[in-house]
Amino acid sequence: YEAYYPLWEKLNIDAAKLEGALGAAQKRHADLFLTQADRPKAMGYFDDLWGNLQTGRIAELDKLKSEGKPLVGTFCIFVPEESVTAAGGACYGLCSGSPASIPEAEKELPRNICPLIKSAHGFKLLRVCGYTQSSDFIYGETTCEAKKKTWEILAKHHPVHVMHIPQKKDEKSMRLWREEVEEFQEHIEEVVGRKLSFEEHKKGVEIINAKRKALRRLDALRGMHGDIMPISGLDSLLVMQLSFIDEPVRFTEALNTLCDELEERINAQKSVFEKETTRLMILGTPFAAPNWKLHQIVESSGGAIVNEESCIGHRYFKDDVNLEGVTTNEELTARMMERYKNIDCACFTPNEARIEKIVKMHKERQTDGVIYYTLSFCHTYNVESHLVAEAMKKEGIPFLAIESDYSPEDAGQIKTRVEAFIESI
Ligand code: BJ8
């Protein structure tokens, strides 16, 4: 990593610590991913991207920054990446999926809050995430208690803006939300020093729509061909995690290449799982990389994961911004709002559309059961699991709820529960 030390130092990264962390992250990736049998060849692109996460990709971002393009770090799919893309910049998910940074975070944050937030905060305190260090600002939101209070503490260490996301979707709330999106767009225009044209905005939306379309293609190929599952859930998860990091045009091209290969596999009736492997859908909170625990457990216990009803997953790519007949920036923002309104995060009340969608998703994929996954202390998803469990019971869909953090300590216990669940189906 020596060649990247000058860049890391320029970004005020603790280079020695980062180098140590990268060694562990690469080893874990190699152990979990490269040992899988019969992986699609096109996964090579995503493996390389994982290898370049804190090196080559950070150098690309640094180049954008030197050209005056905005770099925005986020923790939520409500932050409009289309607007950053329109400005030629990069909007990305920040490091937040590792247990290693949590002890540092607990010096400033309580222990009993969500591990995603603690992990992200720890990355900032340790200065080992090139994405956080590069960003002009972090765009937080008011989706959950732990997040919105953490922003006040994180702001001591890095520029933070907070987007007020309402908790209801009535007209009054939508007006407020739209103002917040417009303010976000103004912040982006402040970084580039000019107003963005309609053509630029439209281009930004088209680029992100194309990425979502490719992700939907992957989703259909992996989970809607019965016993033929041409890619593992673990590999699909890695691709989705990297969709929040990579340059979107290049990512879309690489993903479509992967999908072409998966199509060929389906035509040749080639599956990476044995016939009659239990096909499961995961519902719930996001899986920030390198949180691969549940996928690794399920797929080493006789199950296959065919979809994630999650923000690192289906909730992120299920809807496009409809560009039909749009000719002005105002209309475009209104269409973006229509799309955001359909994101069925548990922070909203009521959130019935999510339950209807889950039933529909199960029917489309003919899954054998669902696992409801909640990150520890995520109250909105945890409480909503009661309503989802009720609906699954009514539909006769086998249901298992798991609450977990990032530590490896409960892996054995989760494995026992997953094995028993699969056996019971
Ligand atoms: S749209 S799911 S990305 S808020 S941080 S709420 S896990 S306690 S991430 Fe989320 Fe946006 Fe909703 Fe999606 Fe719970 Fe943890 Fe809070 Fe979390």
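Throughout, read-outs are computed from the coordinates displayed, never taken from laboratory work. All figures in this text were calculated on a predicted structure; none of them were measured in a lab. Cβ coordinates were reconstructed from backbone atoms using ideal geometry, including for glycine residues, and neighbour counts include every protein chain displayed.
General observations
- Simple rule: put +1 on each Lys or Arg Cβ and -1 on each Asp or Glu Cβ in the chain, find the dipole, and look at Phe198, Ala86, Val239; the Cα lying farthest toward the positive end is Val239.
- Per residue, the average separation of C-alpha pairs within less than 8 Å and at least 6 apart gives the chain a relative contact order of 17 percent.
- Ratio of Rg to Rh over the range 137-250 (Cα coordinates, Kirkwood Rh, two decimals): 1.05
- Extension gain, Ala30 to Lys393: 0.36 nm times the residue separation minus the Cα-Cα distance gives 126.8 nm.
- When the P(r) is computed for the chain, the part past 28 Å accounts for 47% of the Cα-Cα pairs.
- Computed over the range 284-419, the ratio Rg/Rh where both radii use C-alpha atoms and Rh is Kirkwood: 1.02
- Listed residues Asp219, Asp227, Asp246, most fluctuating in the chain (Gaussian network, C-alpha, under 10 Å): Asp227
- Of all aspartates and glutamates in the structure, the ones whose alpha carbon falls short of 15 Å from that of Lys213, not counting any fewer than 8 places away in one chain, are Glu82, Glu253, Asp260, Asp319, Asp320.
- What separates the Cα centres of the range 69-89 and the range 155-177 is a distance of 15 Å.
- Rounded if a/c under 1.5, otherwise prolate or oblate - the range 1-154, Cα gyration tensor axes: rounded
- Taking all Cα pairs closer than 8 Å and separated by 6 or more residues, the relative contact order of the range 90-226 comes to 15 percent.
- FRET efficiency, 1/(1 + (r/R0)^6) with R0 45 Å, evaluated for Asp319 and Asp14 via beta carbons: 0.70
- Förster radius 30 Å - calculated FRET efficiency between Asn112 and His164 (Cβ-Cβ, nearest 0.05): 0.75
- Placing a label point 7 Å from the Cα of Lys203 along the Cα-to-Cβ direction, the residues of the range 84-99 with a backbone N closer than 15 Å are 84-90.
- Inter-part distance where the range 16-53 and the range 367-412 are each reduced to a Cα centre, Å: 28 Å
- In the range 289-425, lysine pairs with alpha-carbon atoms under 14 angstrom apart (chain gap of 8 or more, or interchain): 6
- Among Gly302, Gly51, Gly412: highest mean-square fluctuation, GNM of the chain, C-alpha pairs under 10 Å: Gly412
- Length gained on full extension, Glu263 to Ala420: 53.2 nm, using 0.36 nm per residue less the C-alpha separation.
- Basic side chains Lys and Arg get +1 at the Cβ, acidic Asp and Glu get -1 at the Cβ, and with that the dipole of the range 11-130 about its Cα centre reaches some 200 debye.
- Dividing the mean sequence gap of close Cα pairs (under 8 Å, 6+ apart) by how many residues the range 66-155 holds gives a relative contact order of 31 percent.
- Full-stretch length increase - Ala3, Gln366 - with 0.36 nm per residue and alpha-carbon distance subtracted: 125.7 nm
- Between Ala289, Ala24, Ala90, the Gaussian network model of the chain with springs among Cα atoms under 10 angstrom shows the greatest mean-square fluctuation at Ala24.
- Here the label points at Thr349 and Glu330, each 7 Å from Cα along the C-beta direction, are separated by 3.5 nm in the simple model.
- All lysines inside 23 Å of Lys17 as judged from Cα atoms, apart from same-chain residues fewer than 8 positions distant: Lys27, Lys107, Lys118, Lys124, Lys156
- Toward the positive end of the charge dipole of the range 101-228, with +1 on the Cβ of Lys and Arg and -1 on the Cβ of Asp and Glu, the farthest Cα among Pro166, Leu176, Leu218 is that of Leu218.
- Per residue, the convex hull spanned by the Cα atoms of the range 126-188 measures out at 88 cubic angstrom.
- Label-zone membership for the range 363-403, site Asp227, 7 angstrom Cα→C-beta point, backbone N under 18 Å: 365-369
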